[in-house]
Amino acid sequence: MSGIALTAAPPAASDSPGLLRRLAGNRSAALGGVLLALVLGFAVVGPLLWPGDPWEMVAAPMLWPGEDMANPLGTDVMGRDLATGLVSGARVSLLIGLVATLIAATIGTLFGALGGFYGGRTDAVLMRVTELFQTVPTFVLAVVLVAVFRPSVTTAVLAIGIVSWPATARLVRAQFLVLRDREFVLAAETLGMSTPRLILTQILPNALPPVIAMSTLTIAHAIQTEAALSFLGLGDPNVMSWGTIIGGGREQLTEAWYVCGLPGIAIIVTVLAFNLLGEGLNDALNPHLQRR
Amino acid sequence: MHRRDLMVGGLGLGLAALPTFEPGTALAQPVTPTRGGVARIVVEEPPILTSAFITTMNIGMVSSKILEGLVSYDLDLKPVPALAESWETSADGLRTTFRLRQNAKWHDGTPFTAADVRFSLLEVWKKLHPFGRAVFANVTEVETPDPYTVTVVLSAPALYLFNYINTYGAQILPRHIYEGTDILKNPANVAPIGTGPFRFKEWQRGSHLVLERNPDYWQAGKPYLDGIIFRFIPDAVARSVALEAGEIDVTIGSLIPVTSLRRFSDRAKYTINTDDGRFLASIFLAQINVRRPHLGDKRVRQALSHAIDRAGLVRLVWQGYGKPATGPIPSSVTQYYHRGNPQAYDPRRAEQLLDEAGLRRGADGKRFRINLVSGSGNSLESGRAGEFIKQAFARIGVDLELIIEDSAAYLRRVYTDGDYDIMTSSLHKLPDPTLGVQRLYWTRNIVRGAPWTNGSGYSNPELDRIMEAAAAEGDLAKRRDLVNRWQEIVQEDAPILDLVELTWTTVSTARFRKERVQGDGMFAGLEDAWLAPR
Amino acid sequence: MAGAAVKRRGLRSFLLRRLWQVVPVLFGIAALNFLILQVAPGDVVDVLAGEAGAATPEYMAQLRAAFGLDQPVPVQFAHYIWNLVTLDLGFSFRQNMPVLELIMSRLPATLLLMLAALAIAVTLGSLIGVVAATRVRSWVDTLLSGFVLLTYAVPTFWLGLMAIVLFSAVLGWLPSGGMYTVGAGLTGFALVGDVLAHLLLPALTLSTFYLAVYARLVRSSMLELYGADFIRTARAKGAGEWRITLVHAFRNALLPMVTMLAYQSASMLSGAVLVETVFSWPGLGRLAFEAIRTRDLNLLLGILFFSSVVVVLVNLLVDLVYVLIDPRVDPTARRA
């Protein structure tokens, strides 16, 4: 259930001149960029506008947005300011998405690179492990990991990272299979370049662009997963993420839907931003598709 | 009150206390019950269907309709006849005799007799039931001089015995089904055969459970209902919506979140019963691990107690459903409640105590850092209470880290590893302190690995002596004095901060009526319940 | 027909090899889950004792012995694997039932939900994909693509909650949960209608998760095929635009869709956990979540193992379908 679903076939382009220009010309990427800028701006500027501890009970509980301008987005069931909470949530959710994706990308790249480069038995073993992780229902595995090893930001990040890497591994492997036999790689090999150097300096840089495109989708997915975990009561009780707000507000849904609604909308916007960006990146990196 | 008063049972005893209690319960106006109809009740899905050897609440809420006990309890938590018609205790307190119903039958047609009670007591409750072991520890023999008389012979008086013999505490199982089998694995545990007003029909796991009317019930003309359907709805929002949409009639066991209760405040349409769970006498509490640094100091524990605004906790987290707790016994247990000298909300006093204990604020304004664990299986309120306490402690310079774990990890951490500073839980104190309260303070109950024992590690030989004396005391007035002293000691030493006396709510449509108000209404047989015509 | 014989032989060896590859994967899944739950603090006896209200250490030790939890981990593991080999998923000590029986009692509900959601996703997704592809780069395309991206961005559980608020609480059109009206005693068409009414919200909610994938897949495969040689030939032959779309392009878009179906079979249980929780749907997903909450090791492993076997079988089946749909695919070639 990872981002692979939305990516097209991995591009074979080894270099991409005018990438940024193409990206800017791409409507998806442009819209995604704008949305992401908004979310980032909210996360960065927000603390100046709504400073303070998001956990502090500051006003009457369940104030509706606009009811009291001291709490423009209203308050939750414990009288905590939702605007402050959403700001904190933006930072936490983005961070969780980023770190989890970094973990997934690292594991995935490692597996894919080794498998694709060495092939043979190494590849077979690594692919079996990848298959294993693709066979297990990923979210269920994440729930198991978080539930069993105490819900916290750390376990959530690790769990999401651990279940999200197989798509990247397959992508990188496919890239490596193609690049492995390219002339510049063979040439470097003949020149006596060591294997790690060969992988790191020659193949990997060329294999990375699609990984980056996929990673933006993984971020989106990680943010959703974190929210889902919190919804099931597996959030970090010390950290206010969007998922925490939804989890805490879910029982008041019919009385005060905005408590769940606002962070939900924040998640949608953020996920949409990353998806659009990922798609734009993918198009831009894939001139084959770009022509149409 | 003299001992004899407590021991005389009889019909009508329970009704005496009725009219004084809150309106909103079904008794507001006397209405003639209507026969027929199926009540749709939401409970949390139980793992099995007999409470005879396990105290899981949701099992009790379902099994009580099928299987019965000797008595049930009224709002003052005094016993009211059920399968026992009457009872008396000898002057020395060592022999208690129950006279049983003569017209009760098991659902398979076998007559119910004293042999069933004897078997259940000796083979099930005394051996397998978590509390039964303590309740019936003094029982040396159960005599059955005739099929409808049971005499329980005790080695020492046990007043508490009368507080735990309803269908939830001591459920009577059919001897002819269970004798000679592995009781824990008997198939009847999931398809019970009882004497109760309703018979088990089918259980669709994950979805619902169907009971049908027992036409041969021993109370003539009852039950009024044709059957009961228990539905399992895991999501709280969906439960509220289902109740509003008329898809269900009743929710038992606080399944409607407190924050949604105001939607059911229209008396013409809904009934919110807050008395059904009195019997459990549950308190939300914070248990302090006295073996930890700083927390072994009584002053520190008192300071933490002073820092928590219990009234605010009730108001904000429980939306007013509950009462600030003052001590280990909730005020609803009128027989033994003693206000004593509880720590008032006073952050300044808290800071002063911490200063006295040498725990001054550091450069960052903080004194020390501790953690608070709670189980994720607990209610949302429990999580919010943790957040509330965290903010309260921050104000006196104590940094609190919240840990929420699933119950396996939580119980392991608290009771096996002792790797925690404070834990919160909602514990049933039960109508008798010897059963529900002593276990939390008794030195001999510091038992590694076993849940809900004395997990704070608190040990006070003087208190031990008082608690043990109270258990064996056959005179109510003397026993009360002992229990009062006990309450004062633990208030002062504060190994456990009793925070909120919990209210268990039963929310139903106004159509759902019940003749009798019970203190153990969560575990009522519902033979006297009916659905008023629309 | 020597070619066909070669292909058949190839197919057989392919199947054998796939099956041979599956065994270590299944073993790995059992081992992984077993290990995770071994490392985790606490066990089902803690849960049972906690629920029971009290227990003595002796009683708990007795339970652990009865459940085999007192044995060394390797022995437990060997025991478990041996049971799996003999197709015995064990007994759930908390639910008092054999694991397989529990799974089978919950499976129909989950299958119904999944198939309904997938059917909606595939139908609606294909429709959107086809329309978008035929109107590529028009406002219709943009609008549909935007809609599809939005459905993909919405967290399913959140959408489910909002749907309950709107359609059950505010409008009162649809039931808020459950699979059918319990105790209504409906039969025949009335029952089918009742189940459909209960199914609609959860299936629609769950389908949004898959919808985007199919819509995009169909759109891009069709665009790709529009440029392909045989479509140009068909056009040259004068085949009508709609005929080209439906017969040629769409049929070829089926291939990646089938692959995607197989790929998504692994995520079925994941989606089920959330949607079944929101809509009180009595399926496997909730059972799995319950099993996690209560450390019901046998049950959880049983469900995960069962779902893995299903996924593996579906993938195998899809490989076969692949061969049948597209004669160009060489089954002996390895899929990247």
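The values are calculated or read from the model by the stated rules, or taken from the named source; none is laboratory data. As the structure is a prediction and not an experimental result, all values here were calculated from the model. No Cβ is skipped: glycine too gets one built from the backbone with ideal geometry, and neighbour counts run over all protein chains shown. To get the accessible areas, we keep the full protein, side chains included, count just its heavy atoms, and leave off ligands, DNA and RNA. Shrake-Rupley method; radii C 1.70, N 1.55, O 1.52, S 1.80 Å.
Tabulated data for the structure shown
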| read-out | value |
| --- | --- |
| D_trans [Stokes-Einstein, Kirkwood Rh over alpha-carbon pairs] for the stretch C:18-160, 20 °C, 1.002 mPa s, µm² s⁻¹ | 106 |
| B versus C: buried accessible surface, summed, Å² (probe 1.4 Å, to nearest 100) | 3500 |
| For the stretch B:106-127 and the stretch C:43-61, distance of Cα centres in Å | 25 |
| Helical mean residue ellipticity (222 nm; -39500 (n - 2.57) per DSSP H run of 4+; nearest 500) of the protein assembly as shown | -15500 deg cm²/dmol |
| Euclidean distance between Cα centres, the stretch A:91-138 to the stretch B:296-315, Å | 49 |
| Modelled label reach - residue C:58, point 7 Å along Cα→Cβ, the stretch B:447-479 residues with backbone N closer than 12 Å | none |
| Tilt relative to chain B, helix B:298-307 - C-alpha long axis, 0 to 90 degrees, to 10 | 70 |
| Calculated from backbone phi, Karplus (6.51, -1.76, 1.60) coupling profile of the stretch B:191-202 in Hz, x at Gly/Pro | 9, x, 10, x, 10, x, x, 10, 9, 5, 10, 8 |
| Span per principal axis, largest first, for the Cα atoms of the stretch B:124-268 (Å) | 54, 33, 32 |
| Exercise: per-residue mean of other protein chain Cβ atoms within 10 Å, C:293-300 | 3 |
| FRET efficiency, 1/(1 + (r/R0)^6) with R0 56 Å, evaluated for residue A:269 and residue B:348 via beta carbons | 0.75 |
| Cβ charges +1 (Lys, Arg) and -1 (Asp, Glu), total dipole of the protein assembly as shown, debye | 3100 |
| Acute angle (nearest 10 degrees) that the helix B:461-472 long axis makes with the longest principal axis of chain B, alpha-carbon atoms | 10 |
| For chain B, projected area of the alpha-carbon convex hull averaged over all directions, nm² | 23.5 |
| Scattering profile of the stretch B:32-171 at q = 0.10, 0.21 Å⁻¹ [log10 I(q)/I(0), Debye over alpha-carbon scatterers] | -0.35, -1.42 |
| Span-like helix ranges in chain A, DSSP H, alpha carbon extent 24 angstrom or more, Kyte mean at least -1.0 | A:27-49, A:82-118, A:204-231, A:257-285 |
| Neighbouring partner chain Cβ atoms per residue of A:126-135, average, 10 Å criterion | 6 |
| For the stretch B:111-161, average projected area of the Cα convex hull in nm² | 3.5 |
| Calculated P(r) of the stretch B:140-180 - Cα pairs past 17 Å, % | 51 |
| Stretchable slack from residue B:88 to residue B:298, in nm (0.36 nm times residue separation minus alpha-carbon distance) | 71.1 nm |
| Label-point separation in nm, residue C:39 to residue B:176, each point 7 Å along Cα→Cβ | 5.6 |
| Order by protection proxy (mean Cβ within 10 Å, highest first), peptides A:185-195, B:231-241, C:61-71, C:258-268 | B:231-241, C:258-268, C:61-71, A:185-195 |
| Residue B:212-residue C:104 FRET efficiency (beta carbon distance; Förster radius 35 Å; 0.05 resolution) | 0.85 |
| B:321, B:164, reordered so the largest accessible area comes first (probe 1.4 Å) | B:321, B:164 |
| Chain B: angle of helix B:380-395 to the longest principal axis, Cα-based, in degrees nearest 10 | 20 |
| Principal axis box of the protein assembly as shown, alpha-carbon based, largest edge first, Å | 107, 73, 59 |
| Alpha carbon Rg of the stretch C:2-97, scaled by the compact-globule rule 2.2 N^0.38 Å | 1.65 |
| Residue mean of other protein chain beta carbons inside 10 Å, C:163-170 | 5 |
| Gyration tensor (Cα) of the stretch B:397-489, equivalent ellipsoid semi-axes in angstrom | 29, 14, 12 |
| Long-range amide H partners of residue B:224 with built H, under 5 Å | B:529 |
| Solvent-free Debye scattering, log10 I(q)/I(0), computed from the Cα coordinates of the stretch C:103-325 at q = 0.10 Å⁻¹ | -0.55 |
| Hypothetical label at residue B:185: residues of the stretch C:282-306 whose amide nitrogen lies under 17 Å (7 Å Cα-Cβ projection) | C:298-299 |
| Inter-centroid distance (Cα atoms) of the stretch C:121-187 relative to the stretch B:232-286, Å | 31 |
| Difference of contour (0.36 nm per residue) and Cα-Cα distance, residue C:321 to residue C:150 | 58.4 nm |
| Segments B:435-444, B:98-107 sorted - mean Cβ within 10 Å per residue, highest first | B:435-444, B:98-107 |
| Label point distance in nm, residue A:49-residue C:73, each placed 7 Å from Cα along Cα→Cβ | 5.0 |
| Length released on extending from residue B:263 to residue B:477, taking residue separation times 0.36 nm less the Cα-Cα span | 72.6 nm |
| Residue A:182 paired with residue A:208, simple spin-label distance in nm, labels 7 Å along Cα-to-beta-carbon | 1.4 |
| 18 Å reach of a label modelled at residue B:105, 7 Å along Cα-to-Cβ, counting backbone N of the stretch B:121-149 | B:148 |
| Quotient of Cα Rg and 2.2 N^0.38 Å for the stretch B:26-94, N being how many residues it contains | 1.48 |
| Residue-by-residue Karplus 3J(HN,Hα) for the stretch C:152-159, coefficients 6.51, -1.76, 1.60, Hz, glycine and proline x | 6, 7, 6, x, 4, 5, 5, 4 |
